[in-house]
Amino acid sequence: MVESSVHPGGGTSVAKQLQVLALERSDRDDVIASRLGGAPRMRVVRVFTILDALRRLETSHDIDAVVVHVDLECTERIEKLQSGYPHVPIVVVATDGSDELVTRAMGLGAQDVVQVDEREGALVRSVQYAVERVKATRSLRTLSPPPDSTA
């Protein structure tokens with residue numbers, strides 16, 4: 001597991017630093033970390049196996065989102081992440097030609113998909129929006145009265 005922290009470069013705004021778990025395909029593959037590592041107020045924790053990701057989520061309750069690559073094993077990873085940690089949004093990074101896998105990933109609960117070749121900042125925004133969507137959904141569930149069971 002490799003951790004890198006990026007701290008705000010000044011300013012007076014105080015925002016929570018997002019903790020993002022990057023499930024990279026290997027230690028030589030830094031597609032996710034390289035796109036997130038330079039973002040202000042974002043700390044990236046790199047892991048390379050689904051077991052490491054699940055361990056990190058189990059032992060650390062500060063992970064705000066998980067980013068995974070779309071590949072042949074991603075659906076299994078997403079299922080495992082969703083079953084154990086449905087409150088943690090998942091964003092997938094895709095390449096051209098992975099439409100079928102992307103569709104399956106979204107069907108399993110991934111919040112968003114970002115193409116590898118999208119312009120800089122797209123993955124950062126996607127992660128931020130996914131975290132905010134989950135927070136908003138949670139707030140709405142808290143505010144909504146339970147369905148009337150007498151109807």
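The values are calculated or read from the model by the stated rules, or taken from the named source; none is laboratory data. Small disclaimer: the values here were computed from a predicted structure and weren't measured. Here the Cβ is made from the backbone with ideal geometry for all residues, glycine too, and neighbour counts use every protein chain on show.
Structure notes:
- Residue, surrounded by the most Cβ atoms within 10 Å (Cβ to Cβ), within the stretch 15-24, restricted to residues that are closer than 19 Å to GLN82 by Cα and not hydrophobic (A, V, I, L, M, F, W, C): GLU24
- In the stretch 63-85, the residues that are surrounded by 14 or more Cβ atoms within 10 Å (Cβ to Cβ) and small (Gly, Ala, Ser): ALA65
- In the stretch 46-62, residue surrounded by the most Cβ atoms within 10 Å (Cβ to Cβ) [restricted to those that are farther than 21 Å from GLU132 by Cβ and hydrophobic (A, V, I, L, M, F, W, C)]: ALA53
- Only one of the numbered conditions (1) outside any loop (DSSP other than H, G, I, E, B); (2) under 13 Å from VAL66 (Cα atoms); (3) modelled with pLDDT of 90 or more is violated by MET106, and that is (2).
- Looking across the stretch 1-37, the residues that are of a type in the set (A, V, I, L, M, F, W, C) and modelled with pLDDT of 80 or more come down to LEU18, VAL20, LEU21, ALA22, LEU23, VAL31, ILE32, ALA33, LEU36.
- Matching entry among ARG43, ARG35 (being under 17 Å from ALA94 (Cβ atoms) and buried (at least 17 other Cβ atoms within 10 Å of the Cβ)): ARG35
To keep it simple, each residue is scored yes or no on (1) in contact with a strand residue (DSSP E or B) (Cβ under 9 Å, 6 or more places away or on another chain); (2) in a loop (DSSP other than H, G, I, E, B); (3) without any contact (Cβ under 8 Å) to a residue 60 or more places away in the chain; (4) surrounded by 13 or more Cβ atoms within 10 Å (Cβ to Cβ).
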{"site": "HIS87", "(1), (2), (3), (4)": "no, yes, yes, no"}
{"site": "VAL92", "(1), (2), (3), (4)": "yes, no, yes, yes"}
{"site": "GLY97", "(1), (2), (3), (4)": "no, yes, yes, no"}
{"site": "GLU100", "(1), (2), (3), (4)": "no, no, yes, no"}
{"site": "ARG119", "(1), (2), (3), (4)": "no, yes, yes, no"}
{"site": "VAL124", "(1), (2), (3), (4)": "yes, no, no, yes"}
{"site": "VAL127", "(1), (2), (3), (4)": "yes, no, no, yes"}
{"site": "GLU132", "(1), (2), (3), (4)": "no, no, yes, no"}
